[in-house]
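> Please see the structure below; I have some questions.
The values are calculated or read from the model by the stated rules, or taken from the named source; none is laboratory data. As the structure is a prediction and not an experimental result, all values here were calculated from the model. Counting neighbours? That spans all protein chains shown, and the Cβs are built from the backbone with ideal geometry, glycine included. Surface areas here come from the heavy atoms of the whole protein model, side chains and all, with no ligands, DNA or RNA. Shrake-Rupley method; radii C 1.70, N 1.55, O 1.52, S 1.80 Å.
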Amino acid sequence: MAVAAHASTIKTTGTATALTNEATTEFTANTVFQITDTAKRVLDPTVALTVQQDPLADGSWAAVAATLYTVDYLFGKITFTPALGAAALVRVATGSYLALLTVAPVRAYNWQVANEAIDSTVHGTSGGERTALYGLGDISGSLKVYEDLLTDHDSGAGTVKFTTAVHDKAPILLELRSGGVGELLRAWVIFDDTGLGGSVEDLISATLPWKGAGKSHTNGTAAPYGSGSAS
């Protein structure tokens, strides 16, 4: 299906905001629960979460041990092992989410996922063909923006500037949605470098190449990237 590139959306994260008793919706029966409010699904991986369940849906909320679930910080999903009972309700009692801000004006973008192929061929194998195993994987891409990198994309209390992200060497989250429809990509990234230029007959523009970055959180390492739906 053809998709118009100009309708794509590119977003990044703004100021972190605390969550209190945030409701979830059952995503996979008795196992996966997702934060109901779509605006609060990107969770701040540096802030500890407290997850509670109400086993009989009778108001008897109790904390769940962190060893019994995993968290998808990019899409606000909580996966339980073992599964909960059929009547159970789940909420995020404490934590923080990251508001998403539209990055504009973006002229062009690209991204690619790569998996290193490692030669695993050994003596004595039949057929005379090479064998390979997957090694390290990575995601990378770039943005071309019509700005001087000093634009503050957060109109609220926070400050989100590309130049700050590059200079601070801190991972930031990008969301890319091709054509503004369908599945979207979210990735924690770091910027390799920046380039700014302009000619007399053109606009000032900057090129921002980036790579995927693991994002530390209180329970280990968050997934560097993932895809899913915004709704």
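> Tell me the net charge near Phe75. Cut-off is 12 Å between Cβ atoms, Phe75 excluded, with +1 for each Lys or Arg and -1 for each Asp or Glu.
Its environment carries a net charge of +1.
> While we're on this one: When the accessible area of region 125-184 is computed with all protein chains present and a 1.4 Å probe, what percentage of it is carbon and sulfur?
Working: 1780 of 3480 Å².
Carbon and sulfur: 51 percent of the exposed surface of region 125-184.
> Give the peptides 173-181, 73-81 in descending order of average Cβ contacts within 10 Å, highest first.
On the way: 173-181: 17.9, 73-81: 20.6.
In decreasing order of mean packing, 173-181, 73-81 become 73-81, 173-181.
> Shape verdict for region 32-100, please, from the Cα gyration tensor: rounded (a/c under 1.5), prolate (a/b greater than b/c) or oblate.
prolate
> Quick one: if you stick a label point 7 Å off each Cα along the C-beta vector at Ala4 and Asp37, how many nm between them?
Placing both labels 7 Å along Cα→Cβ, they lie 3.3 nm apart.
> So for the chain, averaging the separation of alpha carbon pairs under 8 Å that are six or more residues apart and normalising by length, what relative contact order in percent results?
Computed over the chain, the figure is 23 percent.
> Still on this model: On average, how much accessible surface per residue is there in the chain, in Å², for a 1.4 Å probe, leaving out ligands, DNA and RNA?
Each residue of the chain exposes 54 Å² on average to a 1.4 Å probe.
> Which shape class applies to region 54-177: rounded if a/c is under 1.5, otherwise prolate when a/b exceeds b/c and oblate if not, where a ≥ b ≥ c are the square roots of the Cα gyration tensor eigenvalues?
The shape class here is oblate.
> Now a separate question. Between Thr94 and Thr151, what is the FRET efficiency for a Förster distance of 35 Å, r being their Cβ-Cβ separation, to the nearest 0.05?
For Thr94 and Thr151, the calculated efficiency is 0.60.
> What does the charge count around Leu19 come to, taking other residues whose C-beta lies under 14 Å from its C-beta (Lys +1, Arg +1, Asp -1, Glu -1)?
Combined, the nearby Lys, Arg, Asp and Glu give 0.
> Same structure again: How many angstrom separate the Cα center of region 147-199 from the Cα center of region 81-105?
23 Å
> Determine the sum of side-chain charges near Leu84: Lys and Arg each +1, Asp and Glu each -1, restricted to other residues whose C-beta is under 11 angstrom from that of Leu84.
Net charge in that neighbourhood comes out at -2.
> Please compute the length gained on full extension between Leu56 and Thr70, using 0.36 nm multiplied by the number of residues separating them and subtracting their Cα-Cα distance.
Answer, rounded to one decimal: 2.9 nm.
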